[in-house]
1. Dipole magnitude of the chain about its Cα centre, charges +1 at Lys/Arg Cβ and -1 at Asp/Glu Cβ only, in debye to the nearest 20?
2. Looking only at the stretch 1-111, where both bridge partners belong to it, what percent of the DSSP beta bridges are antiparallel (to the nearest 5)?
3. Do the sum for the chain: with -39,500 (n - 2.57) for every DSSP H run of n ≥ 4, divided by all residues, what is the mean residue ellipticity at 222 nm, to the nearest 500 deg cm²/dmol?
4. Do me a favour and compute the ellipsoid semi-axes for the chain from its Cα gyration tensor, root of five times each eigenvalue, largest one first, whole Å.
5. Let a ≥ b ≥ c be the square roots of the eigenvalues of the Cα gyration tensor of the stretch 1-62; is it rounded (a/c under 1.5), or, if not, prolate (a/b larger than b/c) or oblate?
6. From largest accessible area down, sort V114, V157; use a 1.4 Å probe on the protein chains.
7. Which percent of Cα pairs goes in each bin when the distances of the stretch 93-157 are cut into 10 angstrom slices starting at zero?
8. Once you have all Cα-Cα distances for the stretch 32-81, histogram them in 10 Å bins from zero and send the whole-percent values.
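The values are calculated or read from the model by the stated rules, or taken from the named source; none is laboratory data. This is a predicted model, so every value here is computed, not measured. Positions of Cβ are backbone-derived with ideal geometry, glycine not excepted, and every protein chain shown enters the neighbour counts. Each accessible area value is taken on the protein alone, full model and side chains, heavy atoms only, with ligands, DNA and RNA left out. Shrake-Rupley method; radii C 1.70, N 1.55, O 1.52, S 1.80 Å.
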Amino acid sequence: MMRSDLPELLRLMEGIVSYERGTGFRLTEAELMRRGFGERPEFGAFVADRGNGRLGAMAVHYEIPFMHTLQPLLMMKWLFVDPDLRRAGVGRLLIRRMASHACEMGHDKVCWFVLKDNARAQAFYRGVGAMPDPEWDRWMLGSEAIAALSKEEVPRV
């Protein structure tokens, strides 16, 4: 990813958020610049270049600095391929690049989330040797639960 990729990267990010039925998209080129090219970048991205300043796909990643093993964990935030490039091997190339990056950085695994109803993505990931984590399901606190919990009185122990 280069700074000149930011407008197209933003377009791809908005594309995947829309595909995942996300709302409230607020990312901007300025935020991507600050978060991706600052002193301590918060994310990185591998991209597929169509030429003429256009991108066709992205694999966005970030690192959880340490786990119980004292090793960082590589997380893939998004893998998105423009619809007209799907089934052309672009996604596989980006996953291969993620695997190479993981090896270069000393990661022993890469993790990501997949929508439960995205059977095409699940089939693709199985095709590259990935599998669902049998030990974990994603859980979350929504805004209402956060607000309610934050107002609870803390009992004295």
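1. 400 debye
2. Antiparallel bridges make up about 90 percent of those DSSP assigns within the stretch 1-111.
3. My calculation for the chain gives -11000 deg cm²/dmol from helical runs alone.
4. 29, 20, 18
5. Note, shape of the stretch 1-62 comes out oblate.
6. V157, V114
7. 15, 32, 23, 17, 12, 1
8. 24, 42, 27, 6, 1
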